[in-house]
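Shown next, in structure tokens, is the structure this report addresses.
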Amino acid sequence: MGLHVDYAAERALARIVGDLRIVRLETGLSQNLLAVGLPVRARAVSEWETGAIEPTLGHLIGWSQELSRRLVVIGRDGGVRWGPMQRHAGESWEIFERRRLAVPLRNRRLALGMSQRELGELVGVSRDSIQRWELVHVPPRPIAHIVWAQKLGYALDIRPIGDGVPRRRRNRLGVVETAGATAVDYDLRVRQSS
């Protein structure tokens, strides 16, 4: 079984990488300085930007973070589909980001009434791979993540950190609110729109 990569998926990955390159150039950050923050060799950054090699999902998450960006799941309506908003105790940034990206895709699969096996057949991977991705046990390759989202009618993109992120705060009664609604209301809206 092979991953079902089409031209649209390849273009989506190229666009994400190209956007990160543009942000790096606009901020005046050299490949060498970016590489130090990741940490990888500067040659790796060059190879990612030219498409010679594909970064791992962990590297793509780190690369985005170094440039004050983050990967996001985009719904059919163009809106961001948010996953968890807080890290678990002791959870690394990379694992949190992978979980934040996986939850909207799992929720979408469930909303469509699709099994992991059925989704795996569409994506071109095993049911076990879908399960490991959803449980954040194993990261998919970035191109696989894009195909995963596409087969559910969603897309992967990058956005500035904080751009459109629902704000969470406690009101005077101690109830957690999100963007003017209670967290429960927000959670229901996310589930209904998925």
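Out of all the residues in segment 128-135, is one or more in contact with a Leu (Cβ under 9 Å, 6 or more places away or on another chain), aromatic (F, W, Y) and assigned by TED's automatic domain parsing to the domain that holds R11? Before you say what the answer is, go through the steps one by one.
First, pick out the residues of segment 128-135 that are in contact with a Leu (Cβ under 9 Å, 6 or more places away or on another chain): 130, 133-134.
So of that shortlist, the ones also aromatic (F, W, Y) come out as 133.
Filter again for assigned by TED's automatic domain parsing to the domain that holds R11, leaving 133.
For segment 128-135, residues in contact with a Leu (Cβ under 9 Å, 6 or more places away or on another chain), aromatic (F, W, Y) and assigned by TED's automatic domain parsing to the domain that holds R11: present.
Working carefully through the options G83, G2, find the one that is at pLDDT below 95, more than 19 Å from the chain's Cα centre (by Cα) and not in a helix (DSSP H, G or I). Spell out the reasoning first.
On the way: G83 fails: more than 19 Å from the chain's Cα centre (by Cα).
Being at pLDDT below 95, more than 19 Å from the chain's Cα centre (by Cα) and not in a helix (DSSP H, G or I) holds for just one of G83, G2, which is G2.
Kindly indicate whether R98 is buried (at least 17 other Cβ atoms within 10 Å of the Cβ) and either under 17 Å from I143 (Cβ atoms) or touching an Asp or Glu at 6+ places or on another chain (Cβ under 7 Å) (or both).
Working: buried (at least 17 other Cβ atoms within 10 Å of the Cβ): yes; either under 17 Å from I143 (Cβ atoms) or touching an Asp or Glu at 6+ places or on another chain (Cβ under 7 Å) (or both): yes.
Against the criterion (buried (at least 17 other Cβ atoms within 10 Å of the Cβ) and either under 17 Å from I143 (Cβ atoms) or touching an Asp or Glu at 6+ places or on another chain (Cβ under 7 Å) (or both)), R98 qualifies.
So which helices (runs of 4 or more DSSP H) are wholly in segment 122-194 and hold at least 2 residues that are at pLDDT 95 or above?
On the way: elements: 127-134, 142-151, 183-193.
So the answer is 127-134, 142-151.
So, in segment 51-71, of the ones that are out of contact with any Asp or Glu (no Cβ under 9 Å at 6 or more places or on another chain) and among the polar types (S, T, N, Q), which residue ends up farthest from R141 (Cα to Cα)?
S68
The values are calculated or read from the model by the stated rules, or taken from the named source; none is laboratory data. As the structure is a computational prediction, the values presented were derived from the model and not from experiment. Glycine also receives a Cβ, built like all others from the backbone with ideal geometry; neighbour counts cover every protein chain displayed.
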